[in-house]
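Heads up, the thing below is written out as structure tokens.
The values are calculated or read from the model by the stated rules, or taken from the named source; none is laboratory data. The model shown is predicted, which means the values in this text are computed figures rather than measured ones. Cβ placement follows ideal geometry from the backbone for every residue including glycine, while neighbour counts extend to all protein chains displayed. Keep in mind that these areas ignore ligands, DNA and RNA; they rest on the heavy atoms of the full protein, side chains included. Shrake-Rupley method; radii C 1.70, N 1.55, O 1.52, S 1.80 Å.
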Amino acid sequence: GKATASRVADILATTRTGPSASRQNYLIELALQRSTGNIEPSYTNAAMEWGTQTEPQARAAYEVATGNFVDQVAFIDHPTIANFGCSPDGLVGDDGLIEIKCPNSATHWEYFKTKKPPQKYVTQMQTQMAVTRRNWCDFVSFDPRMPARSQLLIVRIERDPHFVRDIEEKVAEFLNEVAVEVELMKGN
């Protein structure tokens, strides 16, 4: 029943007429988790399994390339917003984070050529910086199937205090709506 960094893009999503369907679906999903105590199984496919299996190799490649040690951590709660947090792929030093993606080769190559992550990942990283109070996050895209020079991409994203403030305000608003939905479900 907690809002997580990986889903904040859904919380922020709007259409010309208001909140998006993905926002509403996520709101109901969290309300149901809180009301029933059940978490429905999530969808996985071969590409997602590849990413999960390859992540440790990507973390090691990042450590070798940067000389930075990555500390793996569990879920981190936001210091002031209840029911909100993140599971970063790693903490780097006192100020940084990493967000690792191990996509299919065509997607990795697109990231490699543009040298920038898609906006949904920027939102995820800014949210992780909001929760952890860190100042930067390295976006890491890794594909060991690529030629050696194209296997690892690292793009540093700096904390954007205005975007972080907007995220925190919108998540707090969203979580209030989730609480209302929970009360409706319980008949209160």
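Things worth noting here:
- Residues of segment 80-123 classified as β-branched (Val, Ile, Thr), within 15 Å of the chain's Cα centre (by Cα) and under 19 Å from residue 58 (Cβ atoms), total: 3
- Flag if residue 138 is more than 17 Å from residue 3 (Cβ to Cβ), part of a loop (DSSP other than H, G, I, E, B), modelled with pLDDT of 95 or more and not polar (S, T, N, Q): no
- Annotation note: Cβ proximity below 7 Å between a residue of segment 86-115 that is closer than 11 Å to residue 138 by Cα and a residue that is of a type in the set (Phe, Trp, Tyr) and open to solvent by less than 20 Å² (accessible area, probe 1.4 Å) (sequence gap 6+ or interchain) occurs for 98/62; 99/139; 100/142.
- Complete set of residues in segment 121-135 that are more than 17 Å from residue 12 (Cα to Cα) and either touching a residue at least 60 places away in the same chain (Cβ under 8 Å) or assigned to a helix (DSSP H, G or I) (or both): 132
- Candidate set: segment 156-188, residues that are open to solvent by 20 Å² or more (accessible area, probe 1.4 Å) and hydrophobic (A, V, I, L, M, F, W, C); chosen: the one nearest to residue 85 (Cα to Cα): 172
- Number of residues in segment 112-134 that are open to solvent by 40 Å² or more (accessible area, probe 1.4 Å) and closer than 20 Å to residue 169 by Cβ: the value is 3.
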